Amino acid sequence: MDTVVCGTMDTVVRGTLEIVKGNMTTIRTTIEDCWDFLFVQLADHRTNNWPLVGNPIYIFSLMGLYLSFVLVWGPMLMEKREPFNLSRALILYNAIQVNVSIWLFWEAVDGAWLFKYNFSCEPVDWSESKESMRIARGFYIFYLAKISELADTVFFVLRKKYKQITFLHLYHHTGMPMISWGAVKYFPGGHSAFIGLVNSFVHIVMYTYYLFTAMGPKFQKYLWWKKYLTTLQLAQFCLTFLHSMQLLFYDCGYPRWTVFIVMPNAVFFYYLFNDFYQKAYKREDRTKKE
C-alpha cells in the first residue's frame, strides 16, 4: 500500500512539474515574441542595429544611472568636498554643443525643410536612399546629443549648484533622450523632424549663452538677453504644438497617434518654462519697479 501511495505521489509531483515547466516555457515564448514584435518588427530596420538604439535596456539603464547620480550618489560624493572649478571644461563643452547644434540645424534645413518637406504633413521615407539616410543619421546624432546634454546636470552636481537641478531640468533631460530614442528607433524622419529643426536652433542660442557665462565676468555685458532665451524656448513649444496638431487634419501616412505624445509634452513643457519665467523675471521686474 505504501509503495502504491508513494508511486502515486511521485507521479503527481512529476506531472505537476511538467505542467509548470510547460507553462514557464509558454510564458517565456510569449515574452520573447512580444519583445521581438515591439523592439524588432516594429522598429526601423535601417536604424535598429545602431549603438544605443536596438535594445531599450541601454537607454533605460542610462536614465536610471543618470538620476541615481544627480539625486543620490553625486550629492553624497560632494558632501564634504569643495565645488570643482570647471571653467575650462564648461567652455569646451558648451562650444562643442553650439557646433553640434549648428550642424543639426543645417542638416534639418538643407536635408529636409528648405526644399523637400511639407510643413502640413510629411511621411517617413523608409527607403535607403542617400537623402533618407541623411535624415536618419541626423535623427541619430540628435539623439546622441540629447544623451551628451546629461552632462549639464553632472556639472551642476560637481559645482554644487543644486538649486539648478529643478523638476523642470530633470524632466527635460530625461524626457528628451527617451523621446529621441523612440524617434530614431521607429520613425527617423518625416513630420517629427520639425522638432529637431526648432530645438537645434534654440540650442544654438542657449549654449552660446552658457558659453559666454563660462568665459567669466568680462562677458557678462553680452548676457542681457537671458530673459529672451526663455521666451524663445516658450515659442518653441508653441510651434511644436501647432505643427504636431496638423496631423489631426492632414493624412500623409505619418502616424497620427504621435500627437498624443508630442502635444501633451509641448503643453507641459510650456507650463513648466512659463512658471520658471514668471518666477525668475516677472518678480525681478516688480522688484526693479519698487
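The values are calculated or read from the model by the stated rules, or taken from the named source; none is laboratory data. This structure is a prediction, so every number in the text was calculated from the model and none was measured. So basically every Cβ, Gly included, is an ideal-geometry build from the backbone, and we count neighbours across all protein chains shown. Side chains included, ligands, DNA and RNA excluded: accessible areas come from the protein's heavy atoms. Shrake-Rupley method; radii C 1.70, N 1.55, O 1.52, S 1.80 Å.
At a glance:
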quantity	calculated
Top-ranked residue in the range 243-270 [being exposed (fewer than 13 other Cβ atoms within 10 Å of the Cβ) and not charged (D, E, K, R); ranked as farthest from the chain's Cα centre (by Cα)]	Phe249
Test: residue in the range 180-191 that is touching a His at 6+ places or on another chain (Cβ under 8 Å) and of a type outside the set (Val, Ile, Thr)	yes
Filter result for Thr240 (at pLDDT 95 or above, surrounded by 13 or more Cβ atoms within 10 Å (Cβ to Cβ) and part of a helix (DSSP H, G or I))	yes
Unique residue being part of a helix (DSSP H, G or I) and at pLDDT 95 or above when the list is Phe260, Phe219, Phe273, Phe201	Phe201
Residue satisfying all of: in the range 82-126; of a type in the set (Ser, Thr, Tyr) and part of a loop (DSSP other than H, G, I, E, B); surrounded by the fewest Cβ atoms within 10 Å (Cβ to Cβ) among these	Ser120
Output for the range 141-171, where each listed residue is of a type in the set (Ser, Thr, Tyr), in a helix (DSSP H, G or I) and open to solvent by 30 Å² or more (accessible area, probe 1.4 Å)	Ser148, Tyr162, Tyr171
Qualifying residue in the range 219-226 (condition: polar (S, T, N, Q), over 30 Å from Asn48 (Cα atoms) and open to solvent by 60 Å² or more (accessible area, probe 1.4 Å))	yes
Pair list, Cβ under 8 Å, 6 or more apart: the range 142-161 residue on the phi > 0 side of the Ramachandran plot, other residue open to solvent by less than 10 Å² (accessible area, probe 1.4 Å) and not charged (D, E, K, R)	Lys160/Met78
Pairs with Cβ under 7 Å, 6+ apart, first in the range 71-85 and more than 10 Å from Tyr162 (Cβ to Cβ), second surrounded by 10 or more Cβ atoms within 10 Å (Cβ to Cβ)	Pro83/Arg159; Pro83/Lys160; Phe84/Leu158; Phe84/Arg159
Verdict on Ala193 being under 16 Å from the mean Cα position of the chain (by Cα) and either more than 22 Å from Phe155 (Cβ to Cβ) or acidic (Asp, Glu) (or both)	yes
Positions within the range 42-70 being without any contact (Cβ under 8 Å) to a residue 12 or more places away in the chain and in a loop (DSSP other than H, G, I, E, B), in sequence order	His45, Asn49, Pro51
Filter result for Met63 (within 19 Å of the chain's Cα centre (by Cα) and surrounded by 15 or more Cβ atoms within 10 Å (Cβ to Cβ))	yes
